[in-house]
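What follows is a single structure, written as structure tokens, with notes after it.
Readers should treat all values here as calculations from the given coordinates under stated rules, not as data from a laboratory. In this text the structure is predicted, and so the values were computed from the model without any measurement.
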Amino acid sequence: MTPLTLALAAVAADGAGLHRVAFYLVLAAIPAAAGAALGAAADLVVGRPVLARTACTVAALVLLVMSSAVRANAAVGSALPPLALSALIGCLGAYALLGVVWLLWAPRPVPVRENSS
């Protein structure tokens, strides 16, 4: 949830014209997104069925890094590069897709059998 919250805050900061604040929010979201992606990849290696989670979190991480890199190389005082905002919106889309996948294929609770002894 932390990378999603920071990415949403960065979009809000971009909307308010605070592009430098948005840059630092995107930069702060990268370690949290990397942790989520590595955790999902580790679960995938162990054999858990988390391919969708792994793909979405890795895509979100790549898009956050892309947005950060484009912002860092923009000229001071220039307008926000369109690729930076597009990558950030794509990151939000990856997390939204993850939420949709979770809603459609959420794990069902296993009924507990009572011992009749």
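Springs between Cα atoms under 10 Å define the GNM used for the chain, and in it the highest mean-square fluctuation of Ser78, Ser68, Ser86 occurs at Ser78. In the chain, the longest principal axis of the Cα atoms and the axis of helix 19-46 are about 30 degrees apart.
Dividing the summed helix terms, -39500 (n - 2.57) for each DSSP H run of n ≥ 4, by the number of residues in the chain produces a 222 nm estimate of -26000 deg cm²/dmol to the nearest 500. Computed as a quarter of the hull surface, the mean projected area of the alpha carbon convex hull for the stretch 2-104 stands at 6.2 nm². Of interest is the spacing of the C-alpha centroids, which for the stretch 1-66 and the stretch 78-97 amounts to 11 Å.
May I ask for the angle, rounded to the nearest 10°, between helix 82-104 and the longest principal axis of the chain, with both axes built from Cα atoms and the value confined to 0 to 90°? Around 10 degrees separate the two axes.
Residues considered: Pro82, Pro31, Pro107. Largest GNM mean-square fluctuation over the chain, using C-alpha springs under 10 Å, is found at Pro107. Rounded to two decimals, the Cα radius of gyration of the stretch 1-54 over 2.2 N^0.38 Å is 1.40.
Taking Ala42, Ala60, Ala29 as the candidate residues, the one with maximal mean-square fluctuation in a Gaussian network model of the chain, Cα springs under 10 Å, is Ala42.
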